[in-house]
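Enquirer: First the structure, which I've put down as structure tokens, then a few questions once you've had a look.
The values are calculated or read from the model by the stated rules, or taken from the named source; none is laboratory data. From a predicted model like this one, the values you see are computed outputs, not experimental measurements. With ideal geometry, Cβ positions are generated from the backbone for all residues, glycine too; neighbour counts draw on all protein chains shown.
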């Protein structure tokens, strides 16, 4: 029997991509451990001295964790930040193969004035991969030497797909009831994570001024992971709007859902509004489409080649257009138009982002002999 390659993920244990990918690969026979350089350290430090001290302490802690791992493992770094100037050289001293995995936020929202530090680390990589072509193209344009590091696209399998198949018999109304929502009202999700780039507060402020037009809507604001500051701001804003309106139309969703409950939320969702500054066709958006629900995405987002675009996924130029699409007649017309295309979109998404569809790519990524 072929021995499966060992893999070490470097990233936050709180990340759904890190944790769920580890679980999926373990279930398929790979040995996967996690090194989390951030564990035990707050991101809120004020002075330059405290920042340098924190970095030094993280360096020492990470080095201890690295020495506990097998040196023949392939390392996959799940974030490309300023840390890379010390983290990647440290990893490359211990491991035979170190691969960087670029997310959209790492590349498209980074502060380019620190690129000289990022470049120092990136030059030590053995391989580079990204979540989609837009991200990889931007990275290769800014760091051309990475063209010699076997650049490739790697996609995440979404376990929520499997759970959605298991609840195909559950109606949208029933899913709402199970989550504690009024089944007679539309569930509108504003964004999908606690990131300033999601512009959730902007969406909340917009709809809080139009509550009379949308009394049939429950606005759910998912902040189950991400910036603690953003989570606190969203919770506070929801409470203030609800108190002012003497209603509870805004729900700050702070509880992290396992795949089964996430599938219920996707099924319960009537419309996801994606007002993010940038996006790389997130797993959440794919799950919403897979569930047979609808997505309103900013026209600036790169969705035109994605399954469901033009049917389940519609774009908008401004928030007034979003408001208009949520009215009952417009929404029903949209749903009727999208329905005949939903099975086709689901099949395309299954091939693109199910673990059945992407596991061989992950196996190739972590097995350096195949590259």
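Enquirer: If you check residue 143 against the conditions, is it more than 20 Å from residue 367 (Cα to Cα) and surrounded by fewer than 15 Cβ atoms within 10 Å (Cβ to Cβ)?
Expert: No, not satisfied.
Enquirer: Could you please find all residues in the range 301-319 being free of Cβ contacts under 8 Å to residues at least 12 places away in the same chain and surrounded by 12 or more Cβ atoms within 10 Å (Cβ to Cβ)? So that I can check it myself, show each step before the final result.
Expert: Let us first name the residues in the range 301-319 that are free of Cβ contacts under 8 Å to residues at least 12 places away in the same chain, namely 304-305, 309-310, 318.
Across the range 301-319, the qualifying residues are 309, 310.
Enquirer: Still on this structure: Looking at the range 275-358, what helices (runs of 4 or more DSSP H) fall wholly within it and have at least 2 residues that are within 21 Å of residue 172 (Cα to Cα)?
Expert: Per the criteria, 283-290, 328-338, 342-353.
Enquirer: A follow-up question, please. Quick one: is residue 220 assigned by TED's automatic domain parsing to the domain that holds residue 327, modelled with pLDDT of 95 or more and either assigned to a loop (DSSP other than H, G, I, E, B) or in contact with a helix residue (DSSP H, G or I) (Cβ under 7 Å, 6 or more places away or on another chain) (or both)?
Expert: no
Enquirer: Moving on. Please give the number of the condition residue 150 fails out of (1) in contact with a helix residue (DSSP H, G or I) (Cβ under 8 Å, 6 or more places away or on another chain); (2) touching a residue at least 24 places away in the same chain (Cβ under 8 Å); (3) within 26 Å of residue 104 (Cα to Cα).
Expert: If we test residue 150 against (1) in contact with a helix residue (DSSP H, G or I) (Cβ under 8 Å, 6 or more places away or on another chain); (2) touching a residue at least 24 places away in the same chain (Cβ under 8 Å); (3) within 26 Å of residue 104 (Cα to Cα), just (1) comes out false.
Enquirer: Next up: Looking at 234, 220, 188, 273 in this structure, which one is over 26 Å from residue 308 (Cα atoms), buried (at least 20 other Cβ atoms within 10 Å of the Cβ) and touching a residue at least 24 places away in the same chain (Cβ under 8 Å)?
Expert: Among 234, 220, 188, 273, only 234 is over 26 Å from residue 308 (Cα atoms), buried (at least 20 other Cβ atoms within 10 Å of the Cβ) and touching a residue at least 24 places away in the same chain (Cβ under 8 Å).
Enquirer: Hey, another quick one. Which residue pairs have Cβ atoms closer than 7 Å, lie 6 or more positions apart in sequence or on different chains, and pair a first residue in the range 320-345 that is in contact (Cβ under 8 Å) with a residue 60 or more places away in the chain with a second residue that is in a helix (DSSP H, G or I)?
Expert: 323/213; 326/214; 331/325
Enquirer: Among (1) farther than 23 Å from residue 134 by Cβ; (2) surrounded by 18 or more Cβ atoms within 10 Å (Cβ to Cβ); (3) at pLDDT below 95, there is one condition residue 354 misses while meeting the rest; what is its number?
Expert: (1)
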